[in-house]
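Below: the structure, in C-alpha cells.
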Number of protein chains: 2
Amino acid sequence: MTRILRCTVEYDGTAFAGFQKQPGKETVQGALEAAIAKITSESLAVTGAGRTDAGVHAIGQVIHFRTASALPVETLQRAINACLSGAVRIRELLEADETFHARYSAVSREYRYLVENAAVPSALWRNRLYHVSHPLDVEAMDTAAVTLCGRHDFAAFGSPMVHTAIGADGEGTVEARGSTERTMFVARCWRQKRFVHFRFVADAFLRHMVRMVVGTLLRVGTGALMTQTIVKILHGDRTVSAGPAAPAHGLYLVHVRY
Amino acid sequence: MTRILRCTVEYDGTAFAGFQKQPGKETVQGALEAAIAKITSESLAVTGAGRTDAGVHAIGQVIHFRTASALPVETLQRAINACLSGAVRIRELLEADETFHARYSAVSREYRYLVENAAVPSALWRNRLYHVSHPLDVEAMDTAAVTLCGRHDFAAFGSPMVHTAIGADGEGTVEARGSTERTMFVARCWRQKRFVHFRFVADAFLRHMVRMVVGTLLRVGTGALMTQTIVKILHGDRTVSAGPAAPAHGLYLVHVRY
C-alpha cells in the first residue's frame, strides 16, 4: 500500500540553486528528496506546484510525493524537518487523496514581490527584497498592473516551461504545456512605508513571468515607460519590449490553491 | 582641521564575529574602519555605542570617528556604503560636535529580542529570531520582566565590560566602568501572532545581559521558574541562577539616545 502526502514548504531561496533538481547543485527538490529518503528508506520523487528559480523564496510552495511509509503524518513531518537544513522547512504535511498532484491539481498560484524604495538599502533584508533608490510612482505602476488581469497571451513576459533531461517541471495543467496563454486573476502593487509590495494571482505563470512583469512595472514607476505601453507589450507590439527581469531575491511563492 | 562624524549603522550580525575588532576575524568595526579608510585615506578608529556579540544584529548602532576629510556628509555616506559589503550599511551620517562620543555621550540604549513561538521554525527567519516550540506564558514573563525596572546591581545577569589588548569597548560612561549597577527604564514582552517580542531600555547593559535576562524570562514562560524568583536572582540569592543566555541571533540593538 502506498499513499500520497502533500506538504506546504517554506524556504530561503538564497541557499539554493532553485527548486528543480540539478546534478551537483544544492536544490530545494534535492534537499527534500534526500531528507524524505532518510526517513522512509525509499528512493522517491517530489513534485512541486511551482518551479522557482535560484534566489526565489517560498512561504507556501506545495509538493507531493508517494510513499509506502505507514508513519503518522505528525511523526513524518517532525522527522523530515529534523533531516533538513534550516533553510527549508515543511510547515504542514497532510494525507492527500490518490488523484492529488501538486502541479496539475493547482487552480491558482500567488506570488509576491517586495521592493525596498529608499536611499540606503537595508543590511538585514538584503537577500529578501530588491532595493530601488530612485522615486517610484506606485499609483501609475498599479494602474499598469491592473491592465494585465484577464486571459492573455503572456509570451512577451516569459517562456513556457522548459523540458530538460530531468523532465518538464513548470507550472500549469497538462493542457497548458507549450501554450503561453494564462489567466491573471490579481495584479496589484501598493506602497507601505519604504516598501513597495506586488501581488500576483494567476492560474499559472510562465518562466520568469513575475520578475519580467515587475521589471516592466518598475520602468513605468520611474517614468521610463507610459502606463499604456504595458498593453502594447501584452499585445505583441515589437517596437517595445518587457523587462528587464527584476532580481530573484525579491520574489516569494506565497500560496497555491487547489 | 579634523571633525567628528556620527553614523547610525545597520548590520546583519550573522555575517560578523561581533562588533569589536579582532585580529583575523570579520567584524563590524573592522569592516567600517576599512571602508572609511578607503575613502579618507586615513588610518582611523571607529567607536561604537554598544559592543554587540557575534550573531547580534543592529538597526540603530551608533558610531563616531574623527577625520580630516572635507567631503560633504552625503558624499561620504554614499562612498563609504559603496565600499561596504551588503551586510553592513550606514543609514545616516551626520556632523557631530567636538564633545560627541558614541559610547560615553549615550544616555540610553534600546535592545529588542525576537522569539518565534511555533511548532515549526521558519526557514526565512532562521538567523533573525530564536525558535521556541513549547508554549510560553507571556503574561507571566512580562510580569517578571517589569520587576527588573529601576536601579539594580545586575551582576547575576552579566559581567562588566572586558578590557582587552585592543582596549575596553563595553557600554556605559567612564564612571560605570567595573560597576555592575545599571538603570533599567523599560523591560517588557508581548505576543504578536506566533512571535514574542522583548523590549529593553537601560542607561547601559552589561555583557550578555539582555540574552541572560531573555533566557531567564523564557524559563518563567515555560513554568520552570516562578515569577518572583527573578527578584531573588536580582538580589543575589545564590540558590537560583539566571540564564542560560538566549542565542545571539534573536537580539537587535535598535536605538541609542543622546
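The values are calculated or read from the model by the stated rules, or taken from the named source; none is laboratory data. All figures in this text were calculated on a predicted structure; none of them were measured in a lab. Positions of Cβ are generated from backbone atoms using ideal geometry, with glycine treated the same way; all protein chains shown enter the neighbour counts. Keep in mind that these areas ignore ligands, DNA and RNA; they rest on the heavy atoms of the full protein, side chains included. Shrake-Rupley method; radii C 1.70, N 1.55, O 1.52, S 1.80 Å.
Just one of (1) open to solvent by 10 Å² or more (accessible area, probe 1.4 Å); (2) assigned to a loop (DSSP other than H, G, I, E, B); (3) modelled with pLDDT of 95 or more; (4) within 14 Å of chain A (Cβ to nearest Cβ) fails for B:LEU71. It is (4). For the structure I just gave you, tell me whether A:GLU42 is touching a strand residue (DSSP E or B) at 6+ places or on another chain (Cβ under 8 Å), at pLDDT 95 or above and among the acidic types (Asp, Glu). Criteria not met by A:GLU42. Answer with yes or no whether A:PHE157 is more than 14 Å from chain B (Cβ to nearest Cβ), touching a helix residue (DSSP H, G or I) at 6+ places or on another chain (Cβ under 8 Å) and under 22 Å from A:CYS189 (Cβ atoms). The answer is yes for A:PHE157. Would it be correct to say that A:VAL254 is β-branched (Val, Ile, Thr) and either at pLDDT 95 or above or out of contact with any helix residue (DSSP H, G or I) (no Cβ under 8 Å at 6 or more places or on another chain) (or both)? Here the answer is yes, as A:VAL254 does meet what is asked. Of A:ARG89, A:ARG126, all but one fail to be modelled with pLDDT under 95, crowded, with 18+ Cβ neighbours inside 10 Å and within 14 Å of chain B (Cβ to nearest Cβ); the exception is A:ARG126.
Out of everything in region A:97-116 that is open to solvent by 20 Å² or more (accessible area, probe 1.4 Å) and in a strand (DSSP E or B), what residue ends up being nearest to B:TYR11 (Cα to Cα)? Ranking the qualifying residues of region A:97-116, first place goes to A:LEU114.
Evaluation of A:PRO135 against the conditions (1) more than 14 Å from chain B (Cβ to nearest Cβ); (2) in a loop (DSSP other than H, G, I, E, B); (3) over 29 Å from A:THR227 (Cβ atoms) shows that the sole unmet condition is (3). Contact annotation: no residue pair with Cβ atoms under 9 Å, 6 or more positions apart or on different chains, pairs a residue in region A:234-249 that is in contact (Cβ under 8 Å) with a residue 12 or more places away in the chain and open to solvent by 60 Å² or more (accessible area, probe 1.4 Å) with a partner that is assigned to a loop (DSSP other than H, G, I, E, B) and of a type outside the set (S, T, N, Q).
Residue by residue, here is whether (1) touching a strand residue (DSSP E or B) at 6+ places or on another chain (Cβ under 9 Å); (2) charged (D, E, K, R) holds:
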{"position": "A:THR8", "(1), (2)": "yes, no"}
{"position": "A:ASP12", "(1), (2)": "yes, yes"}
{"position": "A:LYS38", "(1), (2)": "no, yes"}
{"position": "A:LEU94", "(1), (2)": "yes, no"}
{"position": "A:ASP97", "(1), (2)": "yes, yes"}
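In the set B:ILE59, B:ILE63, only one residue is touching a Ser or Thr at 6+ places or on another chain (Cβ under 7 Å) and either more than 12 Å from chain A (Cβ to nearest Cβ) or touching a residue at least 40 places away in the same chain (Cβ under 8 Å) (or both); that residue is B:ILE63. Within the set B:ALA37, B:ALA15, the sole residue that is closer than 23 Å to A:TRP125 by Cβ, open to solvent by 10 Å² or more (accessible area, probe 1.4 Å) and not acidic (Asp, Glu) turns out to be B:ALA15.
Looking only at region A:140-153, decide whether some residue is open to solvent by less than 10 Å² (accessible area, probe 1.4 Å), within 12 Å of chain B (Cβ to nearest Cβ) and under 19 Å from A:VAL254 (Cβ atoms). So far as region A:140-153 goes, no, none of its residues is open to solvent by less than 10 Å² (accessible area, probe 1.4 Å), within 12 Å of chain B (Cβ to nearest Cβ) and under 19 Å from A:VAL254 (Cβ atoms).
All of B:ALA82, B:ALA119 fail the test of being free of Cβ contacts under 8 Å to residues at least 24 places away in the same chain, surrounded by fewer than 20 Cβ atoms within 10 Å (Cβ to Cβ), not in a loop (DSSP other than H, G, I, E, B) and not basic (Lys, Arg), apart from B:ALA82. Residue count for region A:111-123 satisfying the condition of being facing another protein chain (nearest Cβ under 10 Å) and in contact with a strand residue (DSSP E or B) (Cβ under 8 Å, 6 or more places away or on another chain): 5.
Residue-level analysis places A:ALA87 among those that are more than 15 Å from the chain's Cα centre (by Cα) and under 30 Å from B:ALA82 (Cβ atoms). Note on region A:196-244: residues that are of a type in the set (Val, Ile, Thr) and at pLDDT 95 or above amount to 8. Within region A:1-53, the set of residues being aromatic (Phe, Trp, Tyr) and touching an Asp or Glu at 6+ places or on another chain (Cβ under 9 Å) comprises A:PHE16, A:PHE19. Take the conditions modelled with pLDDT of 95 or more and at positive phi and apply them to A:GLY150. Does it pass? For A:GLY150, the condition - modelled with pLDDT of 95 or more and at positive phi - is met.
With respect to the conditions (1) within 14 Å of chain B (Cβ to nearest Cβ); (2) of a type in the set (A, V, I, L, M, F, W, C); (3) part of a loop (DSSP other than H, G, I, E, B), A:ALA45 falls short on a single one, namely (1). Restricting attention to region B:203-242, which residues are aliphatic (A, V, I, L, M) and assigned to a helix (DSSP H, G or I)? Answer for region B:203-242, where residues must be aliphatic (A, V, I, L, M) and assigned to a helix (DSSP H, G or I): B:MET209, B:VAL210, B:MET212, B:VAL213, B:VAL214, B:LEU217, B:LEU218, B:VAL220, B:ILE230, B:VAL231, B:ILE233, B:LEU234.
Give just the number: which of (1) touching a residue at least 12 places away in the same chain (Cβ under 8 Å); (2) open to solvent by less than 30 Å² (accessible area, probe 1.4 Å); (3) of a type outside the set (Gly, Ala, Ser) does A:THR27 not satisfy? Just one mismatch for A:THR27, condition (1). Taking region A:1-18 as the range and being over 22 Å from A:ALA79 (Cβ atoms) and either away from chain B (no Cβ under 14 Å) or among the aromatic types (Phe, Trp, Tyr) (or both) as the test, the residues that pass are A:ALA17, A:GLY18. Scanning region A:132-155 for residues being within 24 Å of A:SER108 (Cβ to Cβ) and free of Cβ contacts under 8 Å to residues at least 60 places away in the same chain gives a total of 5.
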